[in-house]
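S.K.: The structure's right below; bear with me while I get my questions together.
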Amino acid sequence: MASLKDVAQLAGVSMMTVSRVINNAPRVNHDTRRRVEHAINTLHYVPDLSAQKMRGQANKPRTLAVLAEDTATTPFSVDLLLAIEQTATELGWENYIVNISSAGDTQRAAREVLAHRPDGIIYTTMGLRKIQLPEALQPLPIVLANCLSDDPHLASYIPDDYHAQYHATRYVIAQGYQRPLCYWLPEHELAPSARRLGFEQAWRESGKSLDQAMQIHMPPGDEGYLAVAKYIEHSMRAGSLPYDLLICGNDRTAFVAYQQLLTLGLKIPDDIAVLGFDNLVGVGHLFLPGLTTLQLPHKEIGQLAARHLIEQWDSPGTHPVDCPLLLRHSIADRSGQKERVSTSSSPSSLNSRS
């Protein structure tokens with residue numbers, strides 16, 4: 001990372017002159033200013049903004065950096081970034097965001113963050129994933145938001161996917177549902193793996209066999225969302241589905257499923273209930289009928305991550321954050337009703353479990 005001295009040497013001037021150019025001081029002749037600006041651009045020099053702190057506050061943490069890997073460009077994580085910004089502002093800290101647009105962009109983003117000399121860093125991702133921090137960042141106070149690391153000394157705040165799906169499954173069982181189709185997000189990803197485990201634990205604890213549930217992991221990519229429509233249509237027999245509940249990996253899956261179910265003349269929740277996950281920003285409450293779903297706690301994760309750094313909490317490790325169940329109208333109470341489909345139409349008789 002280039003220093004003020006490097007710029008001065010390339011421009012052939014003193015460090016004081018470079019400082020005066022950076023601060024737009026008067027009485028710097030045009031040719032000197034041009035040489036300094038050229039050196040700054042050539043070396044990609046970024047001034048040490050922390051040097052501008054007022055005397056007496058030099059040892060007081062004031063600046064929070066957010067490294068946003070895919071986060072700032074997606075609607076799903078807007079609440080996370082806003083919560084970090086609002087919490088930092090309320091507690092008297094300045095904050096800024098540096099975007100990471102691709103895997104190869106991490107080192108560039110890390111250099112940009114270091115140039116600002118932050119007092120703490122929050123590393124965020126869109127979608128729960130495991131990350132490897134750039135080595136240059138590791139000596140600084142860092143908290144992970146919506147991501148994990150193998151470093152046991154780091155604190156990370158993530159959605160509690162396991163217990164969210166566990167408690168939601170307990171709820172639908174209590175409502176009388178017995179033949180679910182689970183259309184999970186792609187296999188081997190962190191979030192869907194935890195959600196499937198939560199579902200299976202609750203299902204077994206209720207005394208039910210997993211053979212009563214059809215579980216599928218969607219293919220990767222956007223095509224996987226459309227595949228749920230084909231699967232629903234393929235599963236139709238004698239004008240009705242062999243399932244009484246569709247558990248969707250997220251609300252985007254539920255959106256496609258709604259369209260297909262309604263196109264096929266099925267009523268939600270009379271013929272089949274639907275459970276989502278995410279509470280999709282700006283869309284979750286617009287489903288007709290309203291979609292019962294689980295809220296990703298991005299706002300709470302952002303608040304906790306910011307407070308962790310600013311208030312200097314000593315609590316390394318993983319901190320799961322509750323995902324509340326939002327009850328709307330896509331699930332009804334069937335606990336007092338008889339089975340609508342005979343056991344001969346069970347999922348295991350139509351398809352093998354994945």
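The values are calculated or read from the model by the stated rules, or taken from the named source; none is laboratory data. Because the structure is a prediction, the values reported are computed rather than measured. FYI the Cβ positions are ideal-geometry reconstructions off the backbone, even for glycines, and counts take in every protein chain you see.
S.K.: What's the number of the only condition in (1) surrounded by fewer than 21 Cβ atoms within 10 Å (Cβ to Cβ); (2) outside any loop (DSSP other than H, G, I, E, B) that VAL281 fails to meet?
M.R.: The single condition VAL281 does not satisfy is (2).
S.K.: While we're on this one: For segment 96-106, does any single residue satisfy the condition of being outside any helix (DSSP H, G or I) and touching a His at 6+ places or on another chain (Cβ under 8 Å)?
M.R.: yes
S.K.: A further question follows. Quick one: PRO186 ticks every box in (1) in the same structural domain as GLU85 (by TED's automatic domain parsing); (2) in a loop (DSSP other than H, G, I, E, B) bar one, so which box is it?
M.R.: (1)
S.K.: Give me the pairs: first residue in segment 170-183 and hydroxyl-bearing (Ser, Thr, Tyr), second residue in a strand (DSSP E or B) and surrounded by fewer than 23 Cβ atoms within 10 Å (Cβ to Cβ), beta-carbon distance under 8 Å, and six or more apart or on different chains, which are they?
M.R.: TYR171/LEU325; TYR183/ILE216
S.K.: Then there's this: Being exposed (fewer than 15 other Cβ atoms within 10 Å of the Cβ) and in contact with a helix residue (DSSP H, G or I) (Cβ under 9 Å, 6 or more places away or on another chain) is the filter here; which residues of segment 231-275 pass it?
M.R.: Hits for segment 231-275 are GLU233, ARG237, ALA238, GLN259, THR263, LYS267.
S.K.: Now for a separate question. Any idea which of ALA39, ALA83, ALA65, ALA88 is among the small types (Gly, Ala, Ser), at pLDDT 90 or above and in a strand (DSSP E or B)?
M.R.: From the options ALA39, ALA83, ALA65, ALA88, the qualifying one is ALA65.
S.K.: Would you confirm, using the coordinates I've provided, whether THR125 is polar (S, T, N, Q), more than 17 Å from LEU80 (Cα to Cα) and touching a strand residue (DSSP E or B) at 6+ places or on another chain (Cβ under 7 Å)?
M.R.: It is false that THR125 is polar (S, T, N, Q), more than 17 Å from LEU80 (Cα to Cα) and touching a strand residue (DSSP E or B) at 6+ places or on another chain (Cβ under 7 Å).
S.K.: Among the residues of segment 23-43, which ones are under 18 Å from ALA2 (Cβ atoms) and hydroxyl-bearing (Ser, Thr, Tyr)?
M.R.: THR42, the sole residue that qualifies.
S.K.: Continuing with this model, one more query. Being closer than 26 Å to LEU280 by Cβ and surrounded by fewer than 16 Cβ atoms within 10 Å (Cβ to Cβ) is true for just one of PRO139, PRO152, PRO75. Which residue is that?
M.R.: None of the others qualify; the one that does is PRO75.
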